[in-house]
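Notes follow the structure.
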Amino acid sequence: MTVRTGSCLCGARAYEIDGDLDGVWVCHCSLCRKASGSNGNAILIVPVDRFRWVKGEDHGVTFALRETYSITRCRTCGTPLPAETDARNVYVTAGTLDEPLGKGVRTHLFCASRADWDRDEPDARSFDERPTRSG
Ligand SMILES: [Zn+2]
Ligand SMILES: [Zn+2]
């Protein structure tokens, strides 16, 4: 069986996921945009019995932003990881996977709340690495 690993930027927190995953959900709601400081949250929805912490389970700090919305970040580096849990699933921040997933985005949520800049301009540039100079 496939076992995937993930971790925060500083390595204090790490987890494993058993089995294959369906793909990524991206939530563009205003809470996810604010909480991430970006275009939203990219999430893997993982059944609780297939997710386990291998390090740093208690090394997070949780911010209860709303009654039904909270985020947990690494106490040392601030990486959001994973998102939250309900009775059946763990909501794992996809950017914390250590290795390629082999699947892409399957679902976009709250597209009506999407930031108007969350798209490429026709002349958008792409670099494989950081460009050597700006402009
Ligand atoms: Zn960390
Ligand atoms: Zn959201």
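Read-outs: derived from the displayed coordinates by stated rules, not from any lab. Since this is a predicted model, take the numbers as computed values, not measurements. Methodologically, a virtual Cβ is constructed for each residue, glycine included, from the backbone with ideal geometry; neighbour enumeration extends over all protein chains shown.
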Using a Förster distance of 25 Å, the FRET efficiency for Asn39-Asp98 (Cβ separation, nearest 0.05) = 0.65
Among Pro80, Gly11, Leu65 the positive-end extreme of the charge dipole of the range 3-113 (Cβ point charges) = Leu65
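Express in nm, to one decimal, how much length is gained between Thr76 and Trp53 on full extension, taking 0.36 nm for each residue of separation and deducting their alpha carbon distance. Numbers along the way, then the final one.
On the way: separation 23, 0.36 × 23 = 8.28 nm, distance 1.67 nm.
Extra length from Thr76 to Trp53 when fully extended: 6.6 nm.
Using only alpha carbon positions, build the gyration tensor of the chain, then give the equivalent ellipsoid semi-axes as the square roots of 5 times its eigenvalues, largest first, whole angstrom.
Numbers: eigenvalues 128, 69, 56 Å².
For the chain, the semi-axes come out at 25, 19, 17 Å.
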request  = Could you give the size of the charge dipole of the chain about its Cα centre, using +1 on the Cβ of each K and R and -1 on the Cβ of each D and E, expressed in debye and rounded to the nearest 20?
outcome  = 300 debye
task = Express in whole angstrom the spacing between the alpha-carbon centres of the range 32-85 and the range 97-135.
result = 21 Å
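Using r as the Cβ-Cβ distance of Glu67 and Glu129, and R0 as 35 Å, what FRET efficiency do you calculate, to the nearest 0.05? Spell out each step's value before the answer.
Numbers: r = 43 Å, r/R0 = 1.21.
After rounding, the FRET efficiency stands at 0.25.
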inquiry  = Give the residue list of trypsin sites (Lys or Arg not before Pro) in the range 1-72 that are DSSP loop and have at most 13 other beta-carbon atoms within 10 angstrom.
reply    = none
Relative contact order of the chain, defined on C-alpha pairs under 8 angstrom at six or more residues apart (%) = 30 percent
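Could you tell me what percent of the DSSP beta bridges with both partners in the range 3-113 are antiparallel, to the nearest 5? Walk me through the intermediate numbers first.
On the way: 26 of 30 bridges.
Here the antiparallel bridges make up roughly 85 percent for the range 3-113.
State the extension gain, in nm to one decimal, for the chain segment bounded by Asp120 and Ser30, taking 0.36 nm per residue of separation less the distance between their alpha-carbons. Intermediate values should be presented prior to the final figure.
Values: separation 90, 0.36 × 90 = 32.40 nm, distance 1.96 nm.
Full extension from Asp120 to Ser30 adds 30.4 nm.
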query = In terms of modelled amide H atoms, which long-range or inter-chain residues lie less than 5 Å from the amide H of Thr85?
reply = Tyr91
